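Written out below as structure tokens is the structure these notes cover.
Any read-out appearing in this document is the output of simple, stated calculations on the displayed coordinates, not a laboratory observation. Quick caveat, the model's predicted, so the values are computed rather than measured. Don't worry about glycine lacking a Cβ; one is built from the backbone with ideal geometry, like all the others, and counts go over all protein chains shown.
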Amino acid sequence: MSVWCQYFPETKVMSVTLATIKKNVSAVIVGKEKVIDLLLTALLADGHVLLEDVPGVGKTMLAKALAKSLGLEFRRIQFTPDLLPSDVTGINYFNQKLGEFQFRPGPVMTGILLADEINRATPRTQASLLEAMEERQVTVDGVTRPLPRPFLVIATQNPVELAGTFPLPEAQLDRFLMKLNLGYPTEKEENEIIRRFERQNPLAELQPVVTAAEVLEWQKRVRQVRVAEVTREYLVRIVRQTREEPALRYGASPRGSLALYRAAQALALVRERDFVVPEDVKELAGPILGHRLILHSNARLKGETPEKILEQILEKIPVPVEENGTSRGR
């Protein structure tokens with residue numbers, strides 16, 4: 001019996017499915033086990049993900065593989081400067097045959113939405129996603145419609161080619177639970193990618209291994225994952241320290257604290273534990289808090305980055321002893 005089953009005996013089948021999801025996605029995506037874990041963490045924590053990396057490293061393929069594995073409807077929007085908010089949310093149009101107005105849903109009405117190159121759209125169009133991401137609903141002409149559940153936005157942006165782009169404002173960045181980078185594969189991984197895609201695209205043969213109802217059940221179970229007092233205090237000290245760093249104009253907000261807390265619970269669930277350990281918090285600090293920190297201009301000129309400052313903060317704050325961090329949560 002797995003560790004998961006000892007903690008949640010009533011969800012034995014679901015523990016097998018979680019492992020199967022990761023295996024299913026890994027059949028297409030080579031060597032990105034940690035990124036897959038973090039993507040599942042965002043899904044279970046009911047958050048959204050911003051993937052920032054150069055073209056061609058598998059961002060779109062990763063989103064498609066996850067959607068297929070979960071059996072969720074997948075839509076992709078190519079963000080461009082001429083994209084309108086109605087192209088995202090949908091419109092009301094007059095049906096001459098019926099003699100009445102009808103709602104034509106936009107691509108946001110889906111399970112997993114890939115917002116490709118989101119920073120190429122105008123701020124007005126970028127903002128059209130805010131309500132969907134935060135409230136899980138869209139409002140068109142005064143009528144509010146709920147989105148399917150679960151709902152996950154995976155947005156991508158190219159950090160290199162910035163001409164003709166509109167940087168995401170802080171309010172939009174804050175809506176993303178985490179920001180991830182895939183990075184280039186190793187020599188061994190790239191050789192495996194070529195071998196795996198030599199005959200055919202493995203994505204075409206990928207089959208769903210879970211239902212939407214099971215994903216929603218996992219999202220409920222995230223809140224049952226226990227967090228020891230010393231682990232929670234460790235999390236709060238990290239967030240508060242970001243507000244006291246001289247190089248940072250603004251540190252993480254209480255929303256950042258809640259995001260880190262919920263993501264730590266979800267990551268523990270992905271790792272088949274019913275309790276959070278301090279290492280979960282430390283591992284997630286960069287992806288969760290990095291894009292929420294705003295540097296002073298002089299610190300930016302000196303070559304400082306939020307990631308470097310977070311590393312310094314994590315080095316300064318002692319990690320609680322694991323035994324104490326877990327035993328008190330039980």
Return the whole-Å distance between the Cα centroid of the stretch 91-125 and the Cα centroid of the stretch 240-255.
-> 37
Kindly provide the trypsin sites (Lys or Arg not before Pro) of the stretch 78-169 that DSSP labels as loop, not H, G, I, E or B, and whose Cβ sees at most 15 other Cβ atoms within 10 Å.
-> Lys97, Arg136
Just how large is the dipole of the stretch 1-222 about the Cα centre, in debye to the nearest 20, putting +1 at every Lys and Arg Cβ and -1 at every Asp and Glu Cβ?
-> 540
Just name one of Asn24, Gln102, Pro85: the one whose Cα is farthest towards the positive end of the charge dipole of the stretch 13-118 (beta-carbon charges, Lys/Arg +1, Asp/Glu -1).
-> Asn24
Pick out, in residue order, every one of the GluC sites (Glu not before Pro) in the stretch 107-180 that is DSSP loop and has at most 14 other C-beta atoms within 10 Å; say none if there are none.
-> Glu161
Total charge of the residues flanking Pro150 in space, meaning their Cβ is under 12 Å from its Cβ, with Lys and Arg +1 and Asp and Glu -1, is -1
Label-point separation in nm, Asn95 to Phe197, each point 7 Å along Cα→Cβ | 4.2
Give, rounded to the nearest 20 debye, the magnitude of the charge dipole that the stretch 111-189 has about its Cα centre when Lys and Arg contribute +1 at Cβ and Asp and Glu contribute -1 at Cβ.
-> 180
Pick out, from Ala264, Pro320, Ala299, the residue whose Cα sits farthest towards the positive end of the charge dipole of the stretch 224-330, with +1 on the Cβ of Lys and Arg and -1 on the Cβ of Asp and Glu.
-> Ala299
Considering only Pro123, Phe197, Gln219, whose Cα is most displaced toward the positive end of the charge dipole of the chain, charges sitting on Cβ of Lys, Arg (+1) and Asp, Glu (-1)?
-> Gln219
Any chance you could run the full-extension gain for Ala204 through Ile294? It's 0.36 nm times the residue separation minus the Cα-Cα distance, nm to one decimal.
-> 28.2 nm
Net charge, Glu190 excluded, C-beta distance under 14 Å - Lys, Arg +1, Asp, Glu -1 | 0
Once the principal axes of the Cα atoms of the stretch 1-222 are found, what is the range along each, listed largest first in whole angstroms?
-> 58, 45, 37
Bridge orientation stat for the stretch 85-204 from DSSP, antiparallel percent rounded to 5, came to 70
Test item: Cα-centred dipole of the stretch 210-275, Lys/Arg +1 and Asp/Glu -1 on Cβ, debye = 180
